[in-house]
């Protein structure tokens, strides 16, 4: 009975709103604000997937970062309301393909071309005085770098239910040991991005690391540190969404899945280093091209309840502390404008190794997004090409 009522309401809502849509153009959209990745990257993409004068009526639930949510609400022609979720639900019950709704497969594409453009989001602007006040309050040097590693503690603490298996995306923050030493010697402050928990004991690892425990997980400070670092170092996580909507150069380490979708959603000018995948049956490492093939077959999907690698007799190997340091040094040299000719040659070999009937994708990733694979990683692993 409830389902019939919902469908009936859906048809009535569709009838009314299709009339209103002839007067002014609008679409409903369900934004999953509970997760920082969806809150940032889905919102950014949504703005590129509706005509300029279209009004977006966004339904949402709990919010991962209230400061970011606050400035997203200030965007023109955007209206947020939890009640919109009920309207969206009724419309979908009656007509799943209704044009009144901006659908997620329109926002989260298999391959996106929008990151080459400046974001349409209007971001907060900080005066020099406010920047200096925040930095001095938390004893952060003007030169600082953000480091991130994914684990399951955030989901456990916030009781976020996710039926999918994501553990293959995790790695130990202590693998940054050489990188931290290198950056501190270059007089940089080190920020551990994302939420830190008491039981992680970071003061015993390195007292020079600034974590969310130092700024009481303040949402604005969290955004500020992502936005104003020299660059950030991320593994595969929704938390990198802040860097991506800002189009901020990033070092992506332990990138997994290494997929067309993820590559097209990396911040321009970034350096990439994926996890290596070992085939236990064939007793060999998969090449870059083979990994992309597996991704296309959905082998290592992030939407599966079991470990897709273990299921398919594959083993993933985390980047070593030295490999991570090498990629960070490459970003330092890139920022300093040091000669990149040797890196260009190795990367040309990489792009050719994965070229098939996808020249438009390759050109976009290589020339428009200006993505590069860690040179030392390519040099030390010629068997992956």
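Out of 264, 237, 217, 212, one residue alone is within 20 Å of the chain's Cα centre (by Cα) and either modelled with pLDDT of 95 or more or over 23 Å from residue 69 (Cβ atoms) (or both). It is 264.
Residue 319 passes every criterion in (1) modelled with pLDDT under 95; (2) touching a strand residue (DSSP E or B) at 6+ places or on another chain (Cβ under 8 Å) apart from (1).
Checked against the criterion of being without any contact (Cβ under 8 Å) to a residue 40 or more places away in the chain, in contact with a helix residue (DSSP H, G or I) (Cβ under 8 Å, 6 or more places away or on another chain) and closer than 30 Å to residue 181 by Cβ, the candidates 330, 342 yield just one match: 342.
In the set 291, 329, 324, 302, only one residue is part of a helix (DSSP H, G or I) and modelled with pLDDT under 95; that residue is 291.
The criterion of being in contact with a helix residue (DSSP H, G or I) (Cβ under 7 Å, 6 or more places away or on another chain) and either closer than 30 Å to residue 241 by Cα or modelled with pLDDT of 95 or more (or both) holds for residue 33.
So for the range 169-179 (the condition being farther than 22 Å from residue 238 by Cα, surrounded by fewer than 20 Cβ atoms within 10 Å (Cβ to Cβ), touching a strand residue (DSSP E or B) at 6+ places or on another chain (Cβ under 7 Å) and at pLDDT 70 or above), does at least one residue qualify? Reasoning before the result, please.
At the first step, the residues of the range 169-179 found to be farther than 22 Å from residue 238 by Cα are 177-179.
Okay, now just the ones that are also surrounded by fewer than 20 Cβ atoms within 10 Å (Cβ to Cβ), so 177-178.
This time we only want the ones that are touching a strand residue (DSSP E or B) at 6+ places or on another chain (Cβ under 7 Å), so: none.
Checked the range 169-179: no residue is farther than 22 Å from residue 238 by Cα, surrounded by fewer than 20 Cβ atoms within 10 Å (Cβ to Cβ), touching a strand residue (DSSP E or B) at 6+ places or on another chain (Cβ under 7 Å) and at pLDDT 70 or above.
Restricting to the range 335-350, name every residue that is over 22 Å from the mean Cα position of the chain (by Cα) and assigned to a helix (DSSP H, G or I). Full working, then the answer.
Within the range 335-350, the first condition is being over 22 Å from the mean Cα position of the chain (by Cα), and the residues that meet it are 336-350.
Answer for the range 335-350, where residues must be over 22 Å from the mean Cα position of the chain (by Cα) and assigned to a helix (DSSP H, G or I): 341, 342, 343, 344, 345, 346, 347, 348, 349, 350.
Which residues, taken from the range 1-11, are surrounded by fewer than 19 Cβ atoms within 10 Å (Cβ to Cβ) and either touching a helix residue (DSSP H, G or I) at 6+ places or on another chain (Cβ under 6 Å) or part of a helix (DSSP H, G or I) (or both)? Lay out the reasoning, then the answer.
Looking only at the range 1-11, we keep the residues that are surrounded by fewer than 19 Cβ atoms within 10 Å (Cβ to Cβ), and these are 1-9, 11.
Selection gives 2, 3, 4, 5, 6, 7, 8, 9, 11.
The requirement of being outside the structural domain of residue 267 (by TED's automatic domain parsing) and either over 15 Å from residue 241 (Cα atoms) or over 24 Å from the mean Cα position of the chain (by Cα) (or both) is not satisfied by residue 44. Scanning the range 252-266 for residues that are closer than 20 Å to residue 145 by Cβ and surrounded by fewer than 24 Cβ atoms within 10 Å (Cβ to Cβ) turns up 255, 266.
Hey, could you check the range 354-372 for residues that are part of a helix (DSSP H, G or I) and in contact with a helix residue (DSSP H, G or I) (Cβ under 6 Å, 6 or more places away or on another chain) and say which is surrounded by the most Cβ atoms within 10 Å (Cβ to Cβ)? Filtering the range 354-372 for residues that are part of a helix (DSSP H, G or I) and in contact with a helix residue (DSSP H, G or I) (Cβ under 6 Å, 6 or more places away or on another chain), the one surrounded by the most Cβ atoms within 10 Å (Cβ to Cβ) comes out as 365.
Which of the residues that make up the range 51-64 are farther than 19 Å from residue 83 by Cα and at pLDDT 95 or above? Write out each step before concluding.
First, pick out the residues of the range 51-64 that are farther than 19 Å from residue 83 by Cα: 51-54.
Hit for the range 51-64 is 54, nothing else.
Taken as a whole, the range 120-130 holds at least one residue that is assigned to a helix (DSSP H, G or I), without any contact (Cβ under 8 Å) to a residue 12 or more places away in the chain, more than 16 Å from the chain's Cα centre (by Cα) and surrounded by 12 or more Cβ atoms within 10 Å (Cβ to Cβ).
Suppose we keep only residues that are touching a helix residue (DSSP H, G or I) at 6+ places or on another chain (Cβ under 8 Å) and closer than 18 Å to residue 288 by Cβ within the range 315-327. Which one would you say is surrounded by the most Cβ atoms within 10 Å (Cβ to Cβ)? So that I can check it myself, show each step before the final result.
From the range 315-327, those touching a helix residue (DSSP H, G or I) at 6+ places or on another chain (Cβ under 8 Å) are 315-316, 318-327; that's our starting set.
From the residues that got through so far, the ones that are closer than 18 Å to residue 288 by Cβ too are 315-316, 318-319, 323, 326-327.
Working: 315: 14, 316: 20, 318: 19, 319: 22, 323: 21, 326: 21, 327: 24.
Filtering the range 315-327 for residues that are touching a helix residue (DSSP H, G or I) at 6+ places or on another chain (Cβ under 8 Å) and closer than 18 Å to residue 288 by Cβ, the one surrounded by the most Cβ atoms within 10 Å (Cβ to Cβ) comes out as 327.
For the range 373-385, filtered to residues that are in contact with a helix residue (DSSP H, G or I) (Cβ under 7 Å, 6 or more places away or on another chain) and not in a helix (DSSP H, G or I), the residue that is farthest from residue 342 (Cα to Cα) is 385.
From the list 56, 47, 72, pick out the single residue that is surrounded by 18 or more Cβ atoms within 10 Å (Cβ to Cβ) and closer than 16 Å to residue 265 by Cβ. Spell out the reasoning first.
On the way: 56 fails: closer than 16 Å to residue 265 by Cβ; 72 fails: closer than 16 Å to residue 265 by Cβ.
The match here is 47.
The values are calculated or read from the model by the stated rules, or taken from the named source; none is laboratory data. Computed from a predicted model, the values in this text were never measured in an experiment. Neighbour counts are summed over all protein chains in view; Cβ atoms, including those assigned to glycine, are modelled from backbone coordinates with ideal geometry.
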